[in-house]
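Written below as structure tokens is the structure these notes are about.
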Amino acid sequence: MKNKKIYLSFSNQIQAAAALAINDDIVEFVQEERFNRKKMYRGFPYRSIKYLLSKYKINPKDINKIIYCYADKIYPKNEIKKNISLRIDEGLKQQQYNKIKYNQRLNSEIKLQKKLFSNANLFLKKFKLSKKKLICFDHHACHAASAFYFNNFKDEITFTCDGKGNYLSSAVWLYKGKKLKMKSFSTTFDSIGYFYGNITRVLGFTPEKHEGKVTGLAAYGKYKAIIKIFRNFFFVEEGKIKSIWSKYHIPWFAEKSDLPELFKLKKKYSDKDLASGVQKLLEEVICKWISENINIYKKKRVNISLAGGVFGNVKLIHEIKKLKKVDSLFIQPATGDAGLPLGGLKLLINKKSNLANTFLGSSYSNREVVNLLKKRNKKYRYISNVEEVLIDLFKRKKVVGFFKGRMEFGYRALCNRTILYHAKDRTVNKWLNKRLNRTEFMPFAPVTISSLAKKCFLNWKANDKTSKFMLSVYECSNFLKKKAPAVVHVDGTARPQVIDKADDPIMYQILENYFKKTGEVVLINTSFNNHEEPIVESPLDAIKSMSIKNVDNVIFNSSILI
Ligand SMILES: [Fe+2]
């Protein structure tokens, strides 16, 4: 690795991850949860960095730059500090929470930042990584870079929005003077991500983890009554998201004792109506925020790129795409904090490049798989015609774990660590979710190929990158509704993965052949994991998952069947 430019980047809060660039090419990007099997892991990405150094035989002293991506400073910068003080003063006028409470809140953020920096320094020492080579980048700058540098737009606005990160919750970015620059921001004191998270908790789920369940549930509810209350808490002013603090909303993840009135709403409104209300509020506020900023900075129809956990909301993306001022839209698939190390590398490299797929992690050869199977006394056989095998297995109601190539990054399994099943049986959502111990309100997602997508999804366009990474919902055609009822939600939408031949030729071929032999246009594609565990990383994880009957069979690298 000598004489090569090596950059290592990492983040050490929720969804800890690390990435590696060699001579300005990002060669690897891995999430700690996949190695240590702790979903959404918060902490230092120890195993990820160990894996990167070992795979590329890197001596730590040969690394040119180490990039810390969670925050650039422990304390808030002056501009942010001023904004927070102003918002605290305004907030105090609006409701009953006292200054002590707000200072506690601010101090808890400072305490977290201190802890994260000291944890990072400790582990750098452990890896003999020199502190002199360390660069610290802002959280939202990393989010912004993770979207901006991976699209091919010539002109765009980048939006970042999350619960919290380095004292901010949303920001607007423009590329000027060969630099990505923040044009405006809202702090964590105006975080709509917190509000969505608090409703997630009211509904009995975990914030920062189960927001997707709320999005799925929203389709069953009616928002009209509850939205009238929720609209009092958030608004957009001069291109910024602002919140009004009240007995229903405070800007942090609240316990029942913090916001008893919010939790009482559950008595008056059904879970589905609350979910529908918060989803509608999010859509209204974010769409207004985006539209206003397009008016402020571009005054014309424009391309936008998005990053930050809030944009993991597939229904929100669907609404943003409908905005008249939005031309094309790009989202980086690891929208949450997992994507920070990708952005950190790109901020330093400062060059755009294409993101064909999410396959930037570990892989296992057939020999490694077979050695493991022998060691574990597992029966296996080699196969040559995957689609024939799938047809036979599905006929016999077998659920298939599909494991191939390099580990994916991001929230979704995109066919390298995936569970496959046919989509003709509507009841699959009930029995397979039960079997996988999942309580999902959205049906399983479909996977198809670009040549069939138009038949299945209304207004699907070949240049729409959101379907490439399963990041948006689409209205389904009547053809699909009849053909594959299992993947259609109650509101007539689905959140597909559409594969281009160039991005994943193996899976494209399998799905094309499957269609030719059966006439079926999609398959169900859901993440290959145990209940509340991350997606499987290794063949051993896959075998363990099969042993607890998540799946009936596993196909490794399209050539080994157990
Ligand atoms: Fe974030």
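Coordinate-derived values only; no laboratory data. All values derive from a computational prediction rather than experimental measurement. Ideal geometry is used to build each Cβ from the backbone, glycine not excepted, and the neighbour counts take in all protein chains shown.
Some points to look at:
- Packing-based ranking of 383-392, 100-109, 532-541 yields 532-541, 383-392, 100-109, ordered from highest to lowest mean Cβ neighbour count within 10 Å.
- The dipole here belongs to the chain: it is taken about the Cα centre, uses +1 on the Cβ of Lys and Arg and -1 on the Cβ of Asp and Glu, and is about 760 debye.
- Taking amide H as placed 1.01 Å from N in the peptide plane, the amide H of A17 sits under 5 Å from that of S11, E32, each at least 5 places away or on another chain.
- Summed over all non-identical Cα pairs, the Kirkwood treatment of the range 184-294 gives a radius of 13.9 Å.
- Too-long pairs where the Cα-Cα distance tops 24 Å, listed order kept, from K73/K164; K228/K325; K126/K164; K164/K322: K228/K325; K126/K164; K164/K322
- Put simply, the convex hull of the Cα atoms in the range 141-349 casts, on average, a shadow of 10.8 nm².
- According to the Kirkwood relation over distinct C-alpha pairs, the hydrodynamic radius of the range 380-430 is 12.5 Å.
- Cα shape, the range 87-215, gyration tensor, a/c 1.5 rule: oblate
- Inter-part distance where the range 335-381 and the range 135-179 are each reduced to a Cα centre, Å: 24 Å
- Residue-wise HN-Hα coupling along the range 299-304, computed from phi with Karplus coefficients 6.51, -1.76, 1.60 (Hz; x: Gly, Pro): 6, 7, 5, 9, 7, 10
- Looking at the chain, the DSSP beta bridges with both ends there are about 70 percent antiparallel.
- The convex hull of the Cα atoms of the range 69-140, projected and averaged over all directions, covers 5.6 nm².
- Summing charges over all other residues whose Cβ lies under 10 Å from the Cβ of L217, with Lys and Arg as +1 and Asp and Glu as -1, gives -1.
- The chain - percent relative contact order, Cα under 8 Å, separation 6 or more: 15 percent
- Trypsin sites (Lys or Arg not before Pro) within the range 285-369, DSSP loop, no more than 13 other Cβ atoms inside 10 Å: K299, K300, R301, K322, K324, K351
- Normalised by the number of residues in the range 366-561, the mean separation of alpha-carbon contacts (under 8 Å, six or more apart) gives a relative contact order of 34 percent.
- Square roots of 5 times each gyration tensor eigenvalue, C-alpha, the range 1-52, largest first, Å: 23, 9, 8
- Backbone phi angles across the range 3-20, fed through the Karplus curve with coefficients 6.51, -1.76 and 1.60 (θ = phi - 60°), yield HN-Hα couplings of 6, 10, 8, 10, 10, 10, 10, 7, 10, 10, 10, 4, 6, 3, 7, 8, 9, 9 Hz in residue order; Gly and Pro are listed as x.
- The GluC sites (Glu not before Pro) of the range 191-278 that meet both conditions, a loop assignment by DSSP and at most 15 other Cβ atoms within 10 Å of the site Cβ, are E238, E255.
- Potential extension, K395-E532 segment - 0.36 nm per residue separation minus Cα distance: 46.4 nm
- 3J(HN,Hα) along the range 22-35: 10, 6, 6, 9, 7, 9, 8, 8, 10, 9, 4, 4, 5, 7 Hz, from the Karplus curve 6.51 cos²θ - 1.76 cosθ + 1.60 with θ = phi - 60°, whole Hz, x for Gly and Pro.
- In this structure the amide hydrogen of K183, modeled in the peptide plane, comes within under 5 Å of the amide hydrogens of V172, W173, L174, none closer than 5 places in sequence on its chain.
- Overall Cα dimensions of the range 1-155 - principal axes, largest extent first, Å: 60, 41, 31
- Packing-based ranking, highest mean first, of 24-31, 494-501, 431-438 given that Cβ atoms within 10 Å are counted: 494-501, 24-31, 431-438
- Long-range tail of P(r) for the chain (Cα pairs > 33 Å, %): 42 percent
- Each of V428, V285 was scored by other Cβ atoms within 10 Å of its Cβ. Arranged with the fewest first, they read V428, V285.
- With N the number of residues in the range 116-180, Rg(Cα) / (2.2 N^0.38 Å) evaluates to 1.40.
- Entry note: the range 366-561 has Rg to Rh equal to 0.94, where both radii use alpha-carbon atoms and Rh is the Kirkwood radius.
- Screening the chain for DSSP H helices whose Cα atoms reach 27 Å or more along their own axis and whose mean Kyte hydropathy is at least -0.5 gives 271-297.
- Amide H contacts under 5 Å for N151, placed H, 5+ residues apart: S353
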